[in-house]
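Take a look at the structure below.
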Amino acid sequence: DAGVIQSPRHEVTEMGQEVTLRCKPISGHNSLFWYRQTMMRGLELLIYFNNNVPIDDSGMPEDRFSAKMPNASFSTLKIQPSEPRDSAVYFCASSSTGTGKETQYFGPGTRLLVL
Amino acid sequence: AQKITQTQPGMFVQEKEAVTLDCTYDTSDPSYGLFWYKQPSSGEMIFLIYQGSYDQQNATEGRYSLNFQKARKSANLVISASQLGDSAMYFCAVAGSARQLTFGSGTQLTVLP
């Protein structure tokens, strides 16, 4: 079975450019999470979707960040314009809510470097 | 609000020995789940083990077991018979009714040959 798929795996961009990160959750999972990992702040939740609907976006840093989930098999996280402080590893995770266990399975992450 | 505390930034263990990684948690949710993830140097987050707050027995998954002490709010991970491939960062996390994971700062485990 395919796990969570993220693309690109690595992204290097210049300050001010738009960055789009993509995620395909595990088939059948109805919840999707975007996390960011930095040395300073560790792993933190950015946004959480349930059945394609954003439930909690309180972790989104500012208006430069936006996320969409147009269907059950695809989500994007967009940063526009990007800044050097956005450099981090961005993880997408998915889970099947309502099953009790609700383990989140993570994708391989996207390493973003903003110069 | 939820919080995870991992007080061991780094741990060393001899190959084939057992090691315990500490985790204490705080949550106001009456029902919650506790998770451990492994992050090797390659960077991916690998799910290891889950413990539900109402589970009567401690969770086990192969060489991994979770020592769950609800009254103490602790969820320590025990790795038996350590292998060199166990060297990695280990994160404890809690999820309550809000479903998102709150992670600790992690413990870097090094297995010595």
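For this structure, a couple of remarks:
- Kirkwood-based shape ratio for region B:47-113, expressed as Rg/Rh from alpha carbons: 0.98
- Shielding of peptide B:96-106 by partners, expressed as the average count of other chain Cβ atoms within 10 Å per residue Cβ, is 5.
- Estimated D of the protein assembly as shown in µm² per second, where Rh is the Kirkwood radius over Cα pairs and Stokes-Einstein applies at 20 °C, 1.002 mPa s: 118
- Remark on region A:19-98: ratio of C-alpha radius of gyration to 2.2 N^0.38 Å is 1.05.
- Interface area, B with A, accessible, probe 1.4 Å, both sides summed, Å² nearest 100: 1500
- Carbon/sulfur fraction of accessible area - the protein assembly as shown, other protein chains in place, 1.4 Å, %: 50
- Share antiparallel - DSSP beta bridges, chain A, percent rounded to 5: 90
- Calculated FRET efficiency, residue B:12 to residue B:56, Cβ-Cβ distance, R0 = 45 Å: about 0.85 to the nearest 0.05.
- For the peptide B:41-53, the mean number of other protein chain Cβ atoms found within 10 angstrom of a residue's Cβ is 3.
- Neighbourhood charge, 13 Å Cβ-Cβ cut-off, centred on residue B:36 and excluding it, Lys, Arg +1 and Asp, Glu -1: -1
- Extension gain from residue A:55 to residue A:10, taking 0.36 nm per residue of separation minus the Cα-Cα distance: 13.4 nm
- Between region B:1-71 and region A:11-47, the Cα center-to-center distance that results, in Å: 24
- Amide H contacts under 5 Å for residue A:103, placed H, 5+ residues apart: A:96
- Taking other residues whose beta carbon is less than 14 angstrom from the beta carbon of residue A:80, and scoring Lys, Arg as +1 and Asp, Glu as -1, yields -4.
- Members of B:16/B:70; B:16/B:38; A:78/B:38; B:3/B:70; A:24/A:78 lying beyond 22 Å, as alpha-carbon distances in this model show: B:16/B:70; A:78/B:38
- As a rough guide to protection, the peptides A:47-56, B:6-15 ranked by mean Cβ packing within 10 Å, highest first, stand as A:47-56, B:6-15.
- Rolling a 1.4 Å probe over the heavy atoms of the protein chains gives the protein assembly as shown an accessible area of 49 Å² per residue.
- Residue B:103 accessible area, assembled protein chains, probe 1.4 Å, Å²: 20
- GNM remark for chain B: springs join alpha carbons under 10 Å apart, and the peak mean-square fluctuation among B:67, B:76, B:58 falls on B:58.
- Among the cysteines of the protein assembly as shown, each one has another cysteine beta carbon less than 4.7 Å from its own.
The values are calculated or read from the model by the stated rules, or taken from the named source; none is laboratory data. What you are looking at is a predicted structure, and each value in this text was computed from that prediction instead of being measured. Don't worry about glycine lacking a Cβ; one is built from the backbone with ideal geometry, like all the others, and counts go over all protein chains shown. Note: areas computed on protein heavy atoms with side chains; ligands, DNA, RNA excluded. Shrake-Rupley method; radii C 1.70, N 1.55, O 1.52, S 1.80 Å.
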